[in-house]
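The values are calculated or read from the model by the stated rules, or taken from the named source; none is laboratory data. No experiment lies behind these values; they were computed from the predicted model shown. Cβ: placed from backbone, ideal geometry, glycine included. Neighbour counts: every protein chain shown.
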Amino acid sequence: MEVAKYKRIMLKLSGEALAGEKGYGINFDIAKKIAYSIKELVDLGIEIGAVVGGGNIWRGRNGSDMDRTTADYMGMLATCINALALQDCLENIGVKTRVQTAIEMREVAEPFIRRRAMRHLEKGRVVIFAAGTGNPYFSTDTTAALRAAEIEAEAILLAKKVDGVYDKDPNKYDDAKKFDKLNYIDVLEKGLQVMDSTATSLCMDNDIPIIVFGLERPENIKRAVLGEKIGTIVSKK
Ligand code: UDP
């Protein structure tokens, strides 16, 4: 029988992960594949919190001529659209879910209530945390780190377009070197593109390991949870 390394995880999916090749909008074939790999984890008895980004629809920094706060609220709303899409794909294959939002929209989803989220997780429901932290000037990476600490997740699974952390952009440089392991300080000092520094610091302060892996094969999510060496692990050691 397959034995998972973690009992409770936080899965961070960037908005781009849902977009596929086009880089914008939602590709439902991809969203369904992701949903199936999440289902495999649920079937293994793993409790899953998920944070979805919004970059496939809108990022605060896209609105260069706009008021930054307004542009960031637009980004937070974008994450809600993605969260509902993921929820729909999961529910269609029989996975019980709840979406909790950091900005109240009671007709659409529950507000974020930590104790309630814990209860959902214990009951085996996938809890999708939407609307980021509810605050401008933050990212969904920071949301994932914050919610991971709050729900006492044992690790953050950070699904990316690239299959780990490199010393330079592997799409531009043939000699880019992939790291198997890193510690938080290395990431911060070298300015490596893992998470933004706020998110990385939060993980460091709360000792939450980050497993960075490529989502080009959605089955990677399961491999990461089973403790297989894929991608890059960022931790204290
Ligand atoms: N955002 C925000 N506060 C948060 C989370 C997100 O203001 O706590 C906004 C921000 O403008 C960000 C956008 O929402 O650019 C979408 O999130 P993000 O860029 O993290 O999505 P991803 O890159 O993961 O798709």
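A few notes on this one:
One line per residue, one yes/no per condition, for (1) at pLDDT below 95; (2) of a type in the set (Asp, Glu); (3) in contact with a helix residue (DSSP H, G or I) (Cβ under 7 Å, 6 or more places away or on another chain); (4) assigned to a helix (DSSP H, G or I):
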residue: Asp163; (1), (2), (3), (4): yes, yes, no, no
residue: Lys172; (1), (2), (3), (4): yes, no, no, no
residue: Leu182; (1), (2), (3), (4): no, no, no, no
residue: Val187; (1), (2), (3), (4): no, no, yes, yes
residue: Ile208; (1), (2), (3), (4): no, no, yes, no
residue: Ile211; (1), (2), (3), (4): no, no, yes, no
residue: Ala224; (1), (2), (3), (4): yes, no, no, yes
residue: Glu228; (1), (2), (3), (4): yes, yes, no, no
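- Checking each residue in the range 32-83 for being small (Gly, Ala, Ser), within 16 Å of the ligand (Cβ to nearest atom) and over 16 Å from the mean Cα position of the chain (by Cα) picks out Gly60, Gly63, Ser64, Ala71.
- Residues within the range 221-237 that are polar (S, T, N, Q) and within 26 Å of Lys32 (Cα to Cα), tallied: 1
- Scan of the range 146-161 for residues that are in a helix (DSSP H, G or I) and of a type in the set (A, V, I, L, M), ordered by number: Leu146, Ala148, Ala149
- Within the range 101-110, the presence of a residue that is near the ligand (Cβ under 10 Å from one of its atoms), of a type outside the set (Gly, Ala, Ser) and buried (at least 23 other Cβ atoms within 10 Å of the Cβ) is excluded.
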